[in-house]
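Following: one structure in structure tokens, then a few remarks.
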2 protein chains.
Amino acid sequence: MSGVIPLFLAGLCFLFLRPTCCTGSRILVVPADGSHWINMEEILRELHSRGHDITVLRSTKSWYIPNNSSIYTSINVTMQEDELDPDFFNKLLQDAMECRDFQPSIGTFCQEHLITSLLGNGHEILARSAAAMLDDPVFMKKLHDEKYDLMLTDPAMTLGVILGSYLKLPMVFNVRWINNGEGHLTIAPSPVSYVPVSGSELRDRMDFLERTKNMLHYLYSFCEQQFIINPPYADLLQRHFPPGTDLLSLELAADIWLVRTDFVFEFPRPTMPNLVYIGGFQCKPSNPLPVELEAFMQSSGEHGVVVMSLGTFVSAINDQATEAIAAAFAELPQKVVWRFGGGKPLCLGNNTLLMDWLPQRDLLGHPKTRAFVAHGGTNGMYEAIYHAVPVLGLPLLFDQFDNLLRLKVRGAARVVEAKSITKEDFLEALRDILETPSYRHNIQHLSQLHRDRPMSPMDTAIFWIEYVIRNKGAAHLQSAGFNLPWYSYFCLDVAVLFGALIWVFIWASVVVYKILCCRGRRRKIKAE
Amino acid sequence: MSGVIPLFLAGLCFLFLRPTCCTGSRILVVPADGSHWINMEEILRELHSRGHDITVLRSTKSWYIPNNSSIYTSINVTMQEDELDPDFFNKLLQDAMECRDFQPSIGTFCQEHLITSLLGNGHEILARSAAAMLDDPVFMKKLHDEKYDLMLTDPAMTLGVILGSYLKLPMVFNVRWINNGEGHLTIAPSPVSYVPVSGSELRDRMDFLERTKNMLHYLYSFCEQQFIINPPYADLLQRHFPPGTDLLSLELAADIWLVRTDFVFEFPRPTMPNLVYIGGFQCKPSNPLPVELEAFMQSSGEHGVVVMSLGTFVSAINDQATEAIAAAFAELPQKVVWRFGGGKPLCLGNNTLLMDWLPQRDLLGHPKTRAFVAHGGTNGMYEAIYHAVPVLGLPLLFDQFDNLLRLKVRGAARVVEAKSITKEDFLEALRDILETPSYRHNIQHLSQLHRDRPMSPMDTAIFWIEYVIRNKGAAHLQSAGFNLPWYSYFCLDVAVLFGALIWVFIWASVVVYKILCCRGRRRKIKAE
């Protein structure tokens, strides 16, 4: 430990020699709703504590983003959520689970198709919202006159990207996934041979068939970008931006991408100087539990406790799966804390406590916690890594399959299919996680690596947000490749030149050879 | 400034929560000689101050690396320098300057060819040195028994790479250039369309002809790697490593690459999670000058001082250029401090002080310094950036042209050709640098960006060296792409499968069409 101190003191001198900071800046935030908001709110709280003046653009009918907050001022507008059925995600879950009936390798495409249809609908709503704002000169003048110093947005919420570009604000993204079909051009070259496309449920080491599958996913997501995501915005961008502007070219204007992952969790992949990895930035040491919950934890004795939560949106899976899980829990010597929003399962054991909401961070950090049964959302995965709790994954939607795969290949998780779950399978997997020491050892190793950083992920995020404010952008970190047409980016024009030169050389050689042969023959004939 | 403090205090908590450090580790260092040693020594001094036990493998006849040092123990071996003519670099300089007679775009290839011949010779000597060590079981057993925790080496010194791999030590590289012909596979994908190949004297924004030139440089350096650099090691690697091992595959074993550049200076390019950018790590605030030199600086009055140095290896250029420079200096109202190793120039003015060696860092940080006339070595360029002194470049060899170009395109330097230099040209360029405010403004902007980092480059370097020691490597940061054969890396096998499927589909369609047509005709004939 002593060795850290000189490095730290040197850091002290360096920090105080750095350019002065930028407290009191005016930050416009366009967050995405749902679990993404949980992440954004953590950052906003930190920015607020550092004296920044924050304005959040939110939907009038937002699911999670409060209108009144002590850390920001709200601007209420009409957005996506207003047109969505509140039970939308539970319905989507039913459809997604049907997909899992297929052979897994085809199931990923079926799920991707489901998400595509959701995306298409979502982007149409978002494009209409954006058009309504940009077409409203009074509203836009008001935003413009506020003279914000920064746009902080989640690019899943394209509205923020469009507004930030229109207002010509320095822009920081708070983002989870980066390798869509155009990842190659928006982020960094992403060879399909070892960069798994999101949704593919593949890892970085792939055999021939897996690489083929990854290529199909890449082509699919490329087409999705071209034919599903881009078109709804075409008219809006044509009216308000220079010719040739599309959604991707606006994303390229981002100065810094704060990516909510790190390379302890994510597979190593090419990246760019303006990508900053902040995975686990929301993790903190646990706080004491409420008295009753603490008593329940302590009552578990040496066996400890299993914590189960399936995330923000989806509070219950189907009855059959629920009963199987409850029955399996009932046979454990451990106690169980289960975040559960439905009716009480018939097979519920005495050892299981159902809760509408649970203090997940504090439970995972509790010394009695032995395993985490989770859907595989990014936040939960990082909390499991931070607190070194092995995971039994029950993925349902979106990136949850990919997230759990990342822990599984590192020996820190097992995954069961929610659709076809039986009491026996679930119990066997759970006992394996609880009784095989390697799961705990492996997640402890990941936890150690995750915490071994020069600077905490939250401080890193705040540093780069303030860096962009201080320096009015970070254009010097943006790739020059983004300005090239695709044929120049891939050097196809140079290849054509080289091909033409080689062709001319061969053609000239043949012509010269023929001429020489011809002369030779003529001489021979003359000589004869 | 106050805003930095909470971030800093949060960092304090985080640092103390991190895994314990690893003072007292045993580090084997194989440095490269010359200016590269200056860099390595700075890091070793820092590692020594943190309690590490350092052993340096050096040539018995090393140019710069002392045998006796208070910060490390030496192991003396026979190496490259023993077989090189001490005046080698001055001769190389003469040849290199001849190259500059060509039209610049061709001159870069001529210079590259010169360096290739130097490389070929150097690698043959290095391969012989490595073979002598690996074939000596007593020497290797002694190294093995020392149970080092880390190999720290400059991969320009392939000996370190080979020894580190052979001894299976965790390995950290301290490296300047990364985009050789195989940069694509060793580091990160490096699109030729916007990643200039070293030695090409190109920037990241290229027109068609420049991209063509860059592609030629890329192909040249690819061939250089295959036909000049790899062959001398083939026999050695075949005898001591698994089949198929080549120099590049050994380099891929590095856990962390400490790259001596940053993206304030370097053009943004794809990078990998195990590349850490430490450009300017050797820069420090300046110390007071010796009394006489300080008096000379103060005697310059409001005009200030010009500092000139052409680096470590080459202390003098040809007489004609020297006289032109001396005569130009004599016409300046400024004073001049010139690091100069030859005979006193005839045209030397009273305002010019010649010195065999000068405290460059302290001079550049002196408030009287107005401009830096430099050859463009990386160390000097970072010191100019750190102290915000505009540069007049006089590049001579190696990467100096590329380095100066990086400052020039940012408006912080001008470049003159050493070969064809005249008093008038040099004076005009020097007056421009001294009198046009934009050069100073631009280098001040670069300096501000360079210093605006979450952690100083030296602390970053030390953190990652100790990270590799603590975690016994950093395999989780290494790309899976490196394990693929080239045709799989580029997905050519998948492309062949897709091509074949498309071909089969077209063929089957034609066959079905023909069969249908045939039947149709038969029916028609029957009907008739």
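For the structure I just gave you, tell me whether residue A:83 is at pLDDT 85 or above, acidic (Asp, Glu), more than 16 Å from residue A:160 (Cα to Cα) and assigned by TED's automatic domain parsing to the domain that holds residue A:132.
Details: at pLDDT 85 or above: no; acidic (Asp, Glu): yes; more than 16 Å from residue A:160 (Cα to Cα): yes; assigned by TED's automatic domain parsing to the domain that holds residue A:132: yes.
No; evaluated as a whole, the condition is false for this residue.
Only residues that are among the aromatic types (Phe, Trp, Tyr) and open to solvent by less than 30 Å² (accessible area, probe 1.4 Å): list them for region A:394-417, please. Even if it seems obvious, please write down each step before you answer.
Filtering region A:394-417 down to residues among the aromatic types (Phe, Trp, Tyr) leaves A:398, A:401.
If the condition is that a residue be among the aromatic types (Phe, Trp, Tyr) and open to solvent by less than 30 Å² (accessible area, probe 1.4 Å), then A:401 is the only one that fits.
So is residue B:253 open to solvent by less than 40 Å² (accessible area, probe 1.4 Å), modelled with pLDDT under 85 and touching a strand residue (DSSP E or B) at 6+ places or on another chain (Cβ under 9 Å) or not? So residue B:253 fails the test.
The single condition from (1) surrounded by fewer than 17 Cβ atoms within 10 Å (Cβ to Cβ); (2) within 30 Å of residue A:472 (Cβ to Cβ); (3) not β-branched (Val, Ile, Thr) that residue A:207 fails is (2).
Assessment of region A:261-272 against the conditions (without any contact (Cβ under 8 Å) to a residue 60 or more places away in the chain and within 13 Å of chain B (Cβ to nearest Cβ)) yields at least one matching residue. Taken as a whole, the condition of being within 30 Å of the chain's Cα centre (by Cα), of a type outside the set (Lys, Arg), open to solvent by 50 Å² or more (accessible area, probe 1.4 Å) and over 21 Å from residue B:421 (Cα atoms) applies to residue B:285. When we screen B:441, B:450, B:476 for residues that are part of a helix (DSSP H, G or I), more than 10 Å from every other protein chain (Cβ to nearest Cβ) and touching a Phe, Trp or Tyr at 6+ places or on another chain (Cβ under 7 Å), the only hit is B:450. Scanning region A:210-225 for residues that are open to solvent by 30 Å² or more (accessible area, probe 1.4 Å) and free of Cβ contacts under 8 Å to residues at least 60 places away in the same chain, we see that the one that is nearest to residue B:477 (Cα to Cα) is A:210. Those strands (runs of 3 or more DSSP E) of region B:336-393 in which 1 or more residues are open to solvent by less than 30 Å² (accessible area, probe 1.4 Å) and more than 17 Å from residue B:303 (Cα to Cα) occupy B:369-374, B:391-393.
Within region B:462-473, restricting attention to residues that are surrounded by fewer than 23 Cβ atoms within 10 Å (Cβ to Cβ) and within 14 Å of residue B:257 (Cβ to Cβ), the residue that is nearest to the other protein chains (Cβ to nearest Cβ) is B:464. Taking the numbered list (1) touching a Phe, Trp or Tyr at 6+ places or on another chain (Cβ under 9 Å); (2) without any contact (Cβ under 8 Å) to a residue 40 or more places away in the chain in turn, residue B:333 passes all entries but (1).
Could we say that residue B:420 is more than 11 Å from every other protein chain (Cβ to nearest Cβ), surrounded by fewer than 19 Cβ atoms within 10 Å (Cβ to Cβ), touching a residue at least 40 places away in the same chain (Cβ under 8 Å) and among the hydroxyl-bearing types (Ser, Thr, Tyr) here? For residue B:420, the condition - more than 11 Å from every other protein chain (Cβ to nearest Cβ), surrounded by fewer than 19 Cβ atoms within 10 Å (Cβ to Cβ), touching a residue at least 40 places away in the same chain (Cβ under 8 Å) and among the hydroxyl-bearing types (Ser, Thr, Tyr) - is met.
For the condition modelled with pLDDT of 90 or more, open to solvent by 20 Å² or more (accessible area, probe 1.4 Å) and over 27 Å from residue B:411 (Cα atoms), what is the one hit in A:516, A:501? Spell out how you get there, then give the answer.
Numbers: A:516 fails: modelled with pLDDT of 90 or more.
Testing whether each residue is modelled with pLDDT of 90 or more, open to solvent by 20 Å² or more (accessible area, probe 1.4 Å) and over 27 Å from residue B:411 (Cα atoms) leaves just A:501.
Restricting B:169, B:143, B:126 to residues that are farther than 28 Å from residue B:382 by Cα, open to solvent by less than 10 Å² (accessible area, probe 1.4 Å), modelled with pLDDT of 90 or more and more than 16 Å from the chain's Cα centre (by Cα) narrows the list to B:143. Restricting the first member to region A:483-501 and to residues that are more than 7 Å from chain B (Cβ to nearest Cβ), and the second to residues that are open to solvent by less than 80 Å² (accessible area, probe 1.4 Å), the beta-carbon pairs closer than 6 Å and six or more apart or on different chains are A:487/A:493.
Name the residues in region A:226-244 that are in contact with a Leu (Cβ under 7 Å, 6 or more places away or on another chain) and touching a residue at least 24 places away in the same chain (Cβ under 8 Å), would you? Lay out the reasoning, then the answer.
First, the residues of region A:226-244 that are in contact with a Leu (Cβ under 7 Å, 6 or more places away or on another chain): A:228-230, A:233, A:236, A:240.
Correct list: A:228, A:229, A:233, A:236, A:240.
Once region A:203-213 is narrowed to residues that are assigned to a helix (DSSP H, G or I) and charged (D, E, K, R), the residue that is nearest to the other protein chains (Cβ to nearest Cβ) is A:211.
The values are calculated or read from the model by the stated rules, or taken from the named source; none is laboratory data. Just so we're clear, the structure is a prediction, and the values are computed from it rather than from any experiment. Quick reminder, even Gly has a Cβ in these numbers, built from the backbone with ideal geometry, and neighbours come from all protein chains shown. Remember, those area values only see protein heavy atoms, side chains included, never the ligands or the DNA or RNA. Shrake-Rupley method; radii C 1.70, N 1.55, O 1.52, S 1.80 Å.
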